Amino acid sequence: MRRAIFPGSFDPITLGHYDIIKRGVKLFDEVVVAIGVNSEKKYMFDLEVRKQFIEEAFKKEPKVKVVTYEGLTVDFCKEIDAQFILRGLRNPADFEFEKAIAHTNRKLSKIETVFLLTAARTSFISSSIVRDVIRNKGDYKVLVPKSVNLNSL
Ligand code: ADP
């Protein structure tokens, strides 16, 4: 079974993440969306809410699982027997950052990182921009899957 994890904060999930997960499903038998818990970080959405948004968005996709984890991503990969880490690349800044992490992960383990270039139409979207739009009462719905509905909270 070819299992990949797609790690991130997903605070909240955006159409950019959605696109990468959808395309990942075509490459792997299972895509585990893994929400990393970092106690030093302040989040806009609680862990359970972030998880619900993703689960709801992929409720019709049995190959997508959503979990939370703490600690090193490579350790978590070993724990759930994932051979691949899936990441999205938006721009050169993402590339430089991801390169260092992927090299480190290869030093620590045998796990391969697979990069997908973002779709052009969602490449400008980031969770931090979405949070800014939400804080300032803008129309965040054009940037996120339908499951991210603040009225349902
Ligand atoms: P992190 O806290 O690791 O930055 P994010 O939730 O922001 O977590 O991102 C998780 C993954 O999703 C990363 O690989 C990131 O490059 C990718 N990603 C973020 N935004 C987009 C986007 N608009 N299109 C495609 N991939 C994206």
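For the structure I just gave you, tell me whether residue 115 is modelled with pLDDT of 95 or more, near the ligand (Cβ under 10 Å from one of its atoms) and aromatic (Phe, Trp, Tyr). The answer is yes for residue 115. For region 94-105, the criterion of a residue being away from the ligand (no atom under 12 Å from the Cβ), within 24 Å of residue 75 (Cβ to Cβ) and touching a helix residue (DSSP H, G or I) at 6+ places or on another chain (Cβ under 8 Å) is satisfied by at least one position. Regarding region 73-82, can at least one residue be identified that is within 12 Å of the ligand (Cβ to nearest atom) and farther than 16 Å from residue 116 by Cβ? Checking region 73-82: at least one residue is within 12 Å of the ligand (Cβ to nearest atom) and farther than 16 Å from residue 116 by Cβ.
Taking strands (runs of 3 or more DSSP E) as the structural unit, those lying wholly within region 38-152 and holding at least 1 residues that are open to solvent by 70 Å² or more (accessible area, probe 1.4 Å) correspond to 64-69, 112-117. Yes or no: region 14-32 includes at least one residue that is open to solvent by 30 Å² or more (accessible area, probe 1.4 Å), of a type in the set (Asp, Glu) and within 13 Å of the chain's Cα centre (by Cα). No, because not a single residue in region 14-32 is open to solvent by 30 Å² or more (accessible area, probe 1.4 Å), of a type in the set (Asp, Glu) and within 13 Å of the chain's Cα centre (by Cα). In region 124-142, the residues that are free of Cβ contacts under 8 Å to residues at least 40 places away in the same chain and of a type in the set (A, V, I, L, M) form Cβ pairs under 8 Å with partners that are surrounded by 14 or more Cβ atoms within 10 Å (Cβ to Cβ) and part of a helix (DSSP H, G or I), at six or more places apart or across chains, as follows: 133/140.
The values are calculated or read from the model by the stated rules, or taken from the named source; none is laboratory data. Here the structure is a predicted model, which means the values were calculated and not measured. Cβ coordinates were reconstructed from backbone atoms using ideal geometry, including for glycine residues, and neighbour counts include every protein chain displayed. Quick note on the areas: whole protein, heavy atoms, side chains included, nothing else; ligands and nucleic acids left out. Shrake-Rupley method; radii C 1.70, N 1.55, O 1.52, S 1.80 Å.
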